[in-house]
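The values are calculated or read from the model by the stated rules, or taken from the named source; none is laboratory data. None of these values were measured; they are calculated from a predicted model. Ideal geometry is used to build each Cβ from the backbone, glycine not excepted, and the neighbour counts take in all protein chains shown. Just so you know, the surface numbers come from the protein's heavy atoms only, side chains and all, with ligands and any DNA or RNA stripped out. Shrake-Rupley method; radii C 1.70, N 1.55, O 1.52, S 1.80 Å.
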Amino acid sequence: MTVNVRRLAGWALIIGTIVAEVGYLAANLLAPGSGDEVFRYQNWALFEGIALVGDVIVALGLPVILTFAGRAPKLHIVGYVGIFAALMMLNIGEGTTEAFVKPYLVGHGGIPAQEPAGFAVFEGVALLALVVGSICLGIAVLRARMLPWWIGIALIVSCLLGALGLPGAWFLVPDGVFFAALFAIGTFALRGRPHRTPATVGQEAVSAQG
């Protein structure tokens, strides 16, 4: 990945995560009521649509993650594939239904109590991809040591928090932590050089002596 492409991808992660998070926060915190009633909120489709645009931008910048592979290339690839698949299937695929289909159904007879055949399997595969992707990428960041350690921890923690099923508006916290980690990766991509940890500095010294 050339420097210019890497910087563009970094900007995509930064802008995309901000836009997506603003959309999700606005839709879920400003919508009155709970459950299916939130889909009656007049600005629901607008805010969820903004979040979808942010998700698409994030997906475009996501490959920059692979430039930080360092000593853990395989884990980085698994993490990237898992997160990309979850982003496309959950945030964009299912998100489109949440943004536009469910508000329409609420006003035209209500949302069916029974999900379409196969949807649970689709959602299960997407959630599995998210779990595997987040944990593998988090471990990869810790092993590669080309990014600050807390980014790897944040990716793993976001997955663990999501598994807890936090009540109320707290369910937005895992996404916030996840997007914050991607935002941070984008900022380091803009710098054009890896984060220098004591370990990487030592490796550079050994390489210079060789």
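Just one of the numbered conditions (1) closer than 28 Å to ALA26 by Cβ; (2) open to solvent by 40 Å² or more (accessible area, probe 1.4 Å); (3) under 15 Å from the mean Cα position of the chain (by Cα) is not true of GLY54: (2). Residue-level analysis places LEU182 outside the set of residues that are free of Cβ contacts under 8 Å to residues at least 24 places away in the same chain and assigned to a helix (DSSP H, G or I). Residues in segment 1-36 that are loosely packed, with under 14 Cβ neighbours inside 10 Å, in contact with a helix residue (DSSP H, G or I) (Cβ under 8 Å, 6 or more places away or on another chain) and in a helix (DSSP H, G or I): 3 in all.
Taking MET89 as the residue in question, decide whether it is among the hydrophobic types (A, V, I, L, M, F, W, C), more than 14 Å from the chain's Cα centre (by Cα) and crowded, with 18+ Cβ neighbours inside 10 Å. Answer is no for this residue. Is there a residue being of a type outside the set (A, V, I, L, M, F, W, C), outside any helix (DSSP H, G or I), closer than 29 Å to ALA12 by Cβ and out of contact with any strand residue (DSSP E or B) (no Cβ under 9 Å at 6 or more places or on another chain) anywhere in segment 121-129? Checking segment 121-129: not a single residue is of a type outside the set (A, V, I, L, M, F, W, C), outside any helix (DSSP H, G or I), closer than 29 Å to ALA12 by Cβ and out of contact with any strand residue (DSSP E or B) (no Cβ under 9 Å at 6 or more places or on another chain). Just give me the residues in segment 103-161 being in contact (Cβ under 8 Å) with a residue 12 or more places away in the chain, open to solvent by less than 40 Å² (accessible area, probe 1.4 Å) and of a type in the set (Gly, Ala, Ser), in sequence order. Residues satisfying the conditions are GLY110, ALA126, ALA129, GLY133, SER134, GLY138, ALA140, ALA144, GLY152, ALA154, SER158. Can ILE65 be described as within 20 Å of the chain's Cα centre (by Cα), open to solvent by 40 Å² or more (accessible area, probe 1.4 Å) and either over 22 Å from GLY176 (Cβ atoms) or in contact (Cβ under 8 Å) with a residue 24 or more places away in the chain (or both)? Judged against the criteria, ILE65 is not a match.
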